[in-house]
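Colleague: Have a look at this one.
The values are calculated or read from the model by the stated rules, or taken from the named source; none is laboratory data. What you are looking at is a predicted structure, and each value in this text was computed from that prediction instead of being measured. All Cβ positions, even for glycine, are placed from backbone atoms using ideal geometry, and neighbour counts span all protein chains on display. Areas reflect the complete protein model, heavy atoms only, side chains present, ligands, DNA and RNA absent. Shrake-Rupley method; radii C 1.70, N 1.55, O 1.52, S 1.80 Å.
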Amino acid sequence: MMTKRGGVIVQNHPSSPCVLICSATGGSGSDDTLVIGLAADSGCGKSTFMRRLTSVFGGGAGPPKGGNPDSNTLISDTTTVICLDDYHALDRTGRKEKGVTALDPRANDFDLMYEQVKALKEGKAVEKPIYNHITGHLDPPELIVPPKILVIEGLHPMFDPRVRDLLDFSIYLDISNDVKFAWKIQRDMAERGHSLESIKASIEARKPDFDAYIDPQKQYADAVIEVLLTQLIPDDNEGKVLRVKLIMKEGVKYFKPVYLFDEGSTISWVPCGRKLTCSYPGINFFYSPDTYFGHEVSVLEMDGQFDRLNELIYVESHLSNLSTKFYGEITQQMLKHSDFPGSNNGTGLFQTIIGLKIRDLLEQIVATKTGAPLEAAKA
Amino acid sequence: MASSSITPLNLSSSFSSRPILSPSTITSLGAATRRQEKRPRAATVKAMGGGGGGGAKYKGTKMREARLREIIEEKVAEAKEACEGEAAASAECRVAWDEVEEASQAKAHLRLKLEVLRQDPLESFCGDNPETDECHVFDGDEE
C-alpha cells in the first residue's frame, strides 16, 4: 500500500520487509498521522479494545511480520498500536535495583517517548525499543513506519505534557477497585501460585503508585470509560454484570458526544418493557450533563447486559450522534467480536462507539484540510 | 445517525447488505459471558495437566506460557517474603507485587490471544523459520 504524504511516496505495507523511509515533509500537512492515547492499567495488548478500534477501519490487526515475536506492537492496514512499556528506561532488573515499580515515571523515558511519537506524527519512521515482558529485558529496536492512525497505549500516555499535546484524542479506561479485584480474580485464580490473598495484596501494593501517577491522567482524557459494579443486583460483587459510564468531554474539536433522546437533558431510560423483553437483570440507561474535574461533560451510562441481538439493535436505534454510517453499524461491530469479553455490556458498546468517534474525527480533520482524498483502502 | 423517534423493530428486517446478520448470528450475546465463566475452570484443568493452555500451536509459545507460569509462582513467593512484617510498606514489597502483576498480565494476554483471538504469536516468525526448534508443532497430546 502506497500513500502519498506531502508529495513523497511512502511504502508502508505492514508485511513488506523493504520500507522506504519518508523524508521529513513537515508537520502541518493534511497527511499528519492521527495520534490516539489510551490509558489503562491492564498492560499492553488490550487486544479486545484495540481490535474493536482497528476493526472499525477494516482489516485485522496482528503483530509485525518477520520481526521479534515478543513485540508488543499491533499493526493493521490503517492503524499501528504501540505499547508504552517499550519506553521503559529501566528493565525489570533496573526497577528492582532502584526500588521503583513500572507505574513510577522514573521507570520510563518520556523524552524518547515524546521524540518518537512526534516523529511518527510528522511522517518519519522510528526505531523503537521493545520491552520484552517475558524476559523483562529491553530487546533490540523495531522499525515503526508512520501509519494513518497511531495509538499509544499503556500506563502513561497522558503523563508528560509534551506527549499530551501530540494527542488528537485520548481515552482513559477507569476500572473501579471492586471491578479490578473481581476481574483479577477471574484472570488469576487459575494460575498456580495465586490465591485470593496474593491477588488482593498485589492490588493493594500497587495502589499508592497507581493513585499518584496513573489515576490523575483521567482529568486530561477526552473520553473516560468508567467501569463499576452493577446496581441492578443487590450485593453483587462478581463483576459479571457491569455498570459502565462513558464520560465525554464537551467542546472537543471534531468530537460530538453521544446522547440519548434530548441532548443536554437528563434522561433515565429502561428499554425493557412492553416492546422489548429482556432477561434478568435487564438494562438501565442514564444520560446527563455533568462536570468532571472542572470540565463540562456528557455522561452516558449503561447498567446491565445485552442478552439478545434485538436488545442491542433496539438500544442502538435510540442513541443519537453515534457517528455510524448506516443503521445497525454498532450492532454489526459488536457481533463481529461477540467472542470478546464485554461484548454483551457497556464496555464493548462504548469501546465500539469510541472507535466510530475516532473514525469520524479522522474524516473531519481530512475534510477540513486541503481536501486531499482519503487514500487508504477501507474494507 | 439513529433517529430519536421510537420505531417498532422487526428482528427479521436486515439493515445492511452484509451477510453477517444471517440467522446463525442471531445467537445469544451471552456467549462471551459463558465463555468467560468456563475459562478459569478449563485453565485449571489444563494447568494441572502440565502442558500449555488451549491454543498454543508452537513449541516456542508453549515454552513462553510455561515460563510465565513459573515466573508468577516465583514472584508471588518472593513478594510474600519481601512484604513480611515491617517491610510491608517498603519499596521492595511494592516492586515485588508489581512484578507479579507484570507476569500475570503477560500470561493473561497470551491466553487471550490463543483462546479468543486464536492467534499464535509465533505464527509469522515460524512461517519464515519453520525448521527452528521453537517452531516445532505439537499434535494431539504430545508434550
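Colleague: In the list A:Leu362, A:Leu356, A:Leu322, which residue meets the criterion of being touching a Leu at 6+ places or on another chain (Cβ under 7 Å) and either at the interface with chain B (Cβ under 7 Å from one of its Cβ atoms) or among the charged types (D, E, K, R) (or both)?
Modeller: On the way: A:Leu362 fails: either at the interface with chain B (Cβ under 7 Å from one of its Cβ atoms) or among the charged types (D, E, K, R) (or both); A:Leu356 fails: either at the interface with chain B (Cβ under 7 Å from one of its Cβ atoms) or among the charged types (D, E, K, R) (or both).
Going through A:Leu362, A:Leu356, A:Leu322 in turn, just one is touching a Leu at 6+ places or on another chain (Cβ under 7 Å) and either at the interface with chain B (Cβ under 7 Å from one of its Cβ atoms) or among the charged types (D, E, K, R) (or both): A:Leu322.
Colleague: Next question. Looking at A:Asp209, is it buried (at least 18 other Cβ atoms within 10 Å of the Cβ), within 14 Å of chain B (Cβ to nearest Cβ), of a type in the set (D, E, K, R) and touching a residue at least 12 places away in the same chain (Cβ under 8 Å)? Walk me through it before giving the result.
Modeller: On the way: buried (at least 18 other Cβ atoms within 10 Å of the Cβ): yes; within 14 Å of chain B (Cβ to nearest Cβ): yes; of a type in the set (D, E, K, R): yes; touching a residue at least 12 places away in the same chain (Cβ under 8 Å): yes.
Considered against the rule, which asks whether it is buried (at least 18 other Cβ atoms within 10 Å of the Cβ), within 14 Å of chain B (Cβ to nearest Cβ), of a type in the set (D, E, K, R) and touching a residue at least 12 places away in the same chain (Cβ under 8 Å), A:Asp209 comes out as yes.
Colleague: Related question: Tell me which residues, restricted to the range A:158-196, are outside the structural domain of A:Leu74 (by TED's automatic domain parsing), surrounded by fewer than 18 Cβ atoms within 10 Å (Cβ to Cβ) and without any contact (Cβ under 8 Å) to a residue 12 or more places away in the chain.
Modeller: A:Met189, A:Arg192, A:Ser195, A:Leu196
Colleague: Would you mind stating whether A:Leu309 is open to solvent by 10 Å² or more (accessible area, probe 1.4 Å), aliphatic (A, V, I, L, M), facing chain B (nearest Cβ under 8 Å) and closer than 30 Å to B:Lys113 by Cβ?
Modeller: Values: open to solvent by 10 Å² or more (accessible area, probe 1.4 Å): no; aliphatic (A, V, I, L, M): yes; facing chain B (nearest Cβ under 8 Å): yes; closer than 30 Å to B:Lys113 by Cβ: yes.
Taking the combined requirement at face value, the residue does not satisfy it.
Colleague: Moving on. Tally time: how many residues in the range A:221-252 are charged (D, E, K, R), surrounded by 21 or more Cβ atoms within 10 Å (Cβ to Cβ) and assigned to a loop (DSSP other than H, G, I, E, B)?
Modeller: Counting residues in the range A:221-252 that are charged (D, E, K, R), surrounded by 21 or more Cβ atoms within 10 Å (Cβ to Cβ) and assigned to a loop (DSSP other than H, G, I, E, B) gives 1.
Colleague: On to the next question. Of everything in the range A:325-342 that's under 20 Å from A:Val227 (Cα atoms) and without any contact (Cβ under 8 Å) to a residue 12 or more places away in the chain, which residue is least open to solvent (accessible area, probe 1.4 Å)?
Modeller: Here the residue is A:Ser338.
Colleague: For the subset of the range A:87-137 comprising residues that are closer than 23 Å to B:Lys107 by Cβ and more than 14 Å from chain B (Cβ to nearest Cβ), which member is surrounded by the fewest Cβ atoms within 10 Å (Cβ to Cβ)?
Modeller: Just the residues of the range A:87-137 that are closer than 23 Å to B:Lys107 by Cβ, to begin with: A:87-88, A:90-96, A:100-104, A:107-108, A:129-137.
Now narrow it down to the ones that are more than 14 Å from chain B (Cβ to nearest Cβ): A:87, A:129.
Working: A:Tyr87: 25, A:Pro129: 19.
Restricting to residues being closer than 23 Å to B:Lys107 by Cβ and more than 14 Å from chain B (Cβ to nearest Cβ), the top hit is A:Pro129.
Colleague: Which residues, counting only those in the range A:148-191, are closer than 22 Å to A:Ile353 by Cα and in contact with a Ser or Thr (Cβ under 7 Å, 6 or more places away or on another chain)?
Modeller: A:Lys148, A:Ile149, A:Leu150, A:Val151, A:Pro157, A:Met158 - these are the residues of the range A:148-191 that are closer than 22 Å to A:Ile353 by Cα and in contact with a Ser or Thr (Cβ under 7 Å, 6 or more places away or on another chain).
Colleague: Output the number of residues of the range B:88-108 satisfying the condition of being open to solvent by less than 30 Å² (accessible area, probe 1.4 Å), touching a helix residue (DSSP H, G or I) at 6+ places or on another chain (Cβ under 8 Å) and at the interface with another protein chain (Cβ under 7 Å from one of its Cβ atoms).
Modeller: 12
Colleague: Residue check, A:Asp215 against (1) out of contact with any Lys or Arg (no Cβ under 8 Å at 6 or more places or on another chain); (2) surrounded by 21 or more Cβ atoms within 10 Å (Cβ to Cβ), all met but one. Which one?
Modeller: (2)
Colleague: Residues in the range A:171-204 that are modelled with pLDDT of 90 or more and among the basic types (Lys, Arg): how many?
Modeller: 3
Colleague: Related question: For residues in the range A:298-354 being of a type in the set (Asp, Glu) and more than 18 Å from A:Phe286 (Cα to Cα), which is modelled with the lowest pLDDT?
Modeller: Going residue by residue through the range A:298-354, those that are of a type in the set (Asp, Glu) are A:301, A:303, A:307, A:311, A:316, A:329, A:339.
Applying the additional criterion that residues be more than 18 Å from A:Phe286 (Cα to Cα) yields A:307, A:329, A:339.
Working: A:Asp307: 90, A:Glu329: 96, A:Asp339: 86.
Selected residue: A:Asp339.
Colleague: Determine which single condition B:Gln119 fails, assuming it passes every other condition in (1) free of Cβ contacts under 8 Å to residues at least 12 places away in the same chain; (2) open to solvent by less than 30 Å² (accessible area, probe 1.4 Å).
Modeller: Among (1) free of Cβ contacts under 8 Å to residues at least 12 places away in the same chain; (2) open to solvent by less than 30 Å² (accessible area, probe 1.4 Å), the lone unmet condition for B:Gln119 is (2).
Colleague: On to the next question. So which residues in the range A:253-284 are open to solvent by less than 50 Å² (accessible area, probe 1.4 Å) and in contact (Cβ under 8 Å) with a residue 40 or more places away in the chain?
Modeller: Once the filter is applied, which keeps residues that are open to solvent by less than 50 Å² (accessible area, probe 1.4 Å) and in contact (Cβ under 8 Å) with a residue 40 or more places away in the chain, the range A:253-284 yields A:Phe255, A:Pro257, A:Val258, A:Tyr259, A:Leu260, A:Trp269, A:Pro271, A:Pro281, A:Gly282.
Colleague: Identify, from the list A:Ile353, A:Ile358, the residue that is farther than 21 Å from A:Asp262 by Cβ and crowded, with 24+ Cβ neighbours inside 10 Å.
Modeller: None of the other options fit; the residue is A:Ile358.
Colleague: In the list A:Leu90, A:Leu120, A:Leu155, which residue meets the criterion of being without any contact (Cβ under 8 Å) to a residue 40 or more places away in the chain and out of contact with any His (no Cβ under 9 Å at 6 or more places or on another chain)?
Modeller: Working: A:Leu120 fails: without any contact (Cβ under 8 Å) to a residue 40 or more places away in the chain; A:Leu155 fails: without any contact (Cβ under 8 Å) to a residue 40 or more places away in the chain.
Among A:Leu90, A:Leu120, A:Leu155, only A:Leu90 is without any contact (Cβ under 8 Å) to a residue 40 or more places away in the chain and out of contact with any His (no Cβ under 9 Å at 6 or more places or on another chain).
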